[in-house]
Amino acid sequence: MQNVPSGFPATLEVDYPDRELDRLTTVFRLFTVIPIAVILALLTRGTVHAGAANHVVGSGGIVFLATVLMLLFRQKYPRWWFDWNLALTRFSTRVAVYLALLRDEYPSADDEQAVHIQIPYPDAKQELNRWLPLVKWFLAIPHYVVLWFLSIAAFLCVIIAWFAILFTGRYPRSLFDFVVGVFRWWLRVAAYAFLLSTDRYPPFSTGT
């Protein structure tokens, strides 16, 4: 995929581990991820029970429906709702990065570690159209279709990387960049359609 001009208001960078990765935790990654995955699931479940909508692209528990209504009727995005959505997105992405073998540090519930996500807080009155939140999820359908195929390709890349790490201790850089690029694309779509932090349509690109 070609690179696009920088400036989209949702960025993701993962530091490449330019060292030998832990082969033991790589072998058992599906098991070592369980404790933090359970915590994430419980956090998400508790949020849903408290009334927030489930995030349909994998970072469940974001405040979605309430944000749609607040933007529609008040043209306001409460800062603490945004901060919660951003923190949960960062946490769930760290877990996904660990599961995809991109890093072998155990995911932190609060520290940034090697996964860098930036999404600016929007000025709802000046930057966001009050009606678009009703249809953004629908307008993003072309992205879902493309990302479905790219996610399958990324899954295959992770399998190949698993063997590469076992034999060489390294995650092939080309595979690493592709998998991170797919995560980056998902993040941009999520920022547009579900986090509702921007009205800028996501680019069809895995680039920065």
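The values are calculated or read from the model by the stated rules, or taken from the named source; none is laboratory data. Remember, it's a predicted structure, so these values are computed and weren't measured experimentally. We place every Cβ from the backbone using ideal geometry, glycine too, and count neighbours over all the protein chains shown.
For residue 160, the stated conditions hold: it is β-branched (Val, Ile, Thr), part of a helix (DSSP H, G or I), touching a residue at least 12 places away in the same chain (Cβ under 8 Å) and in contact with a Pro (Cβ under 8 Å, 6 or more places away or on another chain). Annotation: residue 120 fulfils all but one of (1) in contact with a Pro (Cβ under 9 Å, 6 or more places away or on another chain); (2) of a type outside the set (A, V, I, L, M); (3) under 28 Å from residue 171 (Cβ atoms); the unmet one is (3). For segment 112-141, the candidate set comprises residues that are free of Cβ contacts under 8 Å to residues at least 40 places away in the same chain and more than 21 Å from residue 79 (Cβ to Cβ); within that set, the residue that is surrounded by the most Cβ atoms within 10 Å (Cβ to Cβ) is 113. Only one entry of 189, 145 meets the criterion of being assigned to a helix (DSSP H, G or I) and either surrounded by 15 or more Cβ atoms within 10 Å (Cβ to Cβ) or touching a strand residue (DSSP E or B) at 6+ places or on another chain (Cβ under 9 Å) (or both), and that entry is 189. Restricting segment 193-208 to residues that are hydroxyl-bearing (Ser, Thr, Tyr) and within 12 Å of residue 122 (Cα to Cα), the residue that is surrounded by the most Cβ atoms within 10 Å (Cβ to Cβ) is 197.
Residues in segment 123-154 that are more than 15 Å from residue 183 (Cβ to Cβ) and either of a type in the set (Asp, Glu) or touching a Pro at 6+ places or on another chain (Cβ under 8 Å) (or both): 4 in all. Scanning segment 62-119 for residues that are under 27 Å from residue 163 (Cα atoms) and among the polar types (S, T, N, Q) yields 92, 93, 108, 113.
Scanning segment 85-106 for residues that are closer than 16 Å to residue 61 by Cβ and not polar (S, T, N, Q) turns up 86, 87, 88, 90, 91, 94, 95, 96. Taking the criterion of being under 24 Å from residue 19 (Cα atoms) and among the β-branched types (Val, Ile, Thr), the residues of segment 79-126 that qualify are 93, 95, 97, 115, 117.
Test each condition in (1) of a type in the set (D, E, K, R); (2) touching a Lys or Arg at 6+ places or on another chain (Cβ under 9 Å); (3) closer than 19 Å to residue 188 by Cα for residue 104 and report the one that comes out false. Among (1) of a type in the set (D, E, K, R); (2) touching a Lys or Arg at 6+ places or on another chain (Cβ under 9 Å); (3) closer than 19 Å to residue 188 by Cα, the lone unmet condition for residue 104 is (3).
Of all the residues in segment 29-54, those that are assigned to a loop (DSSP other than H, G, I, E, B) and either at pLDDT 95 or above or in contact with a Ser or Thr (Cβ under 8 Å, 6 or more places away or on another chain) (or both) number 2.
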